[in-house]
Amino acid sequence: MLSDFGANDWYVASMKAVIARAAPQAQIIDISHEIEPGNIHAGAFVLSQCYDDFPKGTTFLCVVDPGVGSQRLPIVLYTGDYNFVTPDNGLATLLKPCMKRAFGIEPGMCGFEAKTSNTFHGRDIFAPAAAALANGATAHDIGRPLPEFVQLGFQFSPVNELPQAGQVIYFDRFGNGISNLGFHGLSPKPNEIEIGTGQRVPFRQAFSDVPTGKPVAYIGSGDLLEIAINRGNARIMLDLENSPEITLH
């Protein structure tokens, strides 16, 4: 499960309760419920970093849904290995290139009665659909094929040559800025990174390669370029949120 519902309210518990009633054998693992409210880009990024760590056959219930109650569709996106139950708003944009088939969820096809509110589709549509899939239904069983689905306007970009431009697209809880630039065997590695404010940041292997309080760029665990401050917050100290553009040299 992934959402922007946080831990203070009952929303996550209500979704889990629906699944517990309908699919009591289902094992539920929380990815995060601390996505910034309504931030579809952040939700897409977090999902992209961990979904393929899960075993094949996993169903992902992903609800970051600022358009709840509008004309946006609830969908199941089937990739051959996984099902993604999500609003059709781009949450699945950053899944690795593969076969993707979209199905518009028909609540009446999920196999049991569900409530329908205008503001809590996580409980009333998405959780019942996820439970049906956990019980062995296929995406085709609970939805109707769609010719297309929403894709956001950003992708990961492989670094093939230098210089190359990119941008910071996500900040983790430490304030490290994670970019859309991917590394897969590039040689030689860059010497430094220029951020949008004009400051140059050295490229190293780890935080400890620079003194405490100094900036550093490195390849993170997801093979993406990251920018940090050793024992500091790069989001704030380097103003990366307002100047997300970066260039590798």
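List of remarks:
- Candidates E194, E161 - the one that is surrounded by 14 or more Cβ atoms within 10 Å (Cβ to Cβ), acidic (D, E) and over 21 Å from the mean Cα position of the chain (by Cα): E194
- Matching residues in segment 131-155 - criterion: being closer than 13 Å to F103 by Cα and either among the hydroxyl-bearing types (S, T, Y) or under 19 Å from the mean Cα position of the chain (by Cα) (or both): T138, F149, V150
- Subset of segment 205-233 (residues that are surrounded by 15 or more Cβ atoms within 10 Å (Cβ to Cβ), free of Cβ contacts under 8 Å to residues at least 40 places away in the same chain and in a loop (DSSP other than H, G, I, E, B)): V210, K214, N230
- Failed condition for A23, given (1) over 23 Å from P158 (Cβ atoms); (2) in contact with a Leu (Cβ under 8 Å, 6 or more places away or on another chain); (3) among the hydrophobic types (A, V, I, L, M, F, W, C): (2)
- Filter pass, L224 being outside the structural domain of L94 (by TED's automatic domain parsing) and in contact with a helix residue (DSSP H, G or I) (Cβ under 7 Å, 6 or more places away or on another chain): no
- Of the residues making up segment 1-15, those that are out of contact with any Phe, Trp or Tyr (no Cβ under 9 Å at 6 or more places or on another chain) and touching a residue at least 24 places away in the same chain (Cβ under 8 Å) are D4, G6, A7.
- Scanning segment 85-123 for residues that are under 16 Å from the mean Cα position of the chain (by Cα) and within 21 Å of A20 (Cβ to Cβ) returns V85, T86.
- Test: residue in segment 103-122 that is closer than 27 Å to G222 by Cα and either among the hydroxyl-bearing types (S, T, Y) or in contact with a strand residue (DSSP E or B) (Cβ under 9 Å, 6 or more places away or on another chain) (or both): no
- Check on A206, touching a Cys at 6+ places or on another chain (Cβ under 8 Å) and either hydrophobic (A, V, I, L, M, F, W, C) or in the same structural domain as L238 (by TED's automatic domain parsing) (or both): no
- The strands (runs of 3 or more DSSP E) found wholly in segment 155-199 and carrying at least 1 residues that are in contact with a helix residue (DSSP H, G or I) (Cβ under 8 Å, 6 or more places away or on another chain) and assigned by TED's automatic domain parsing to the domain that holds P215 occupy 164-171, 177-182.
The values are calculated or read from the model by the stated rules, or taken from the named source; none is laboratory data. Bear in mind the structure is a predicted one, so any value in this text is a computation, not a measurement. All Cβ positions, even for glycine, are placed from backbone atoms using ideal geometry, and neighbour counts span all protein chains on display.
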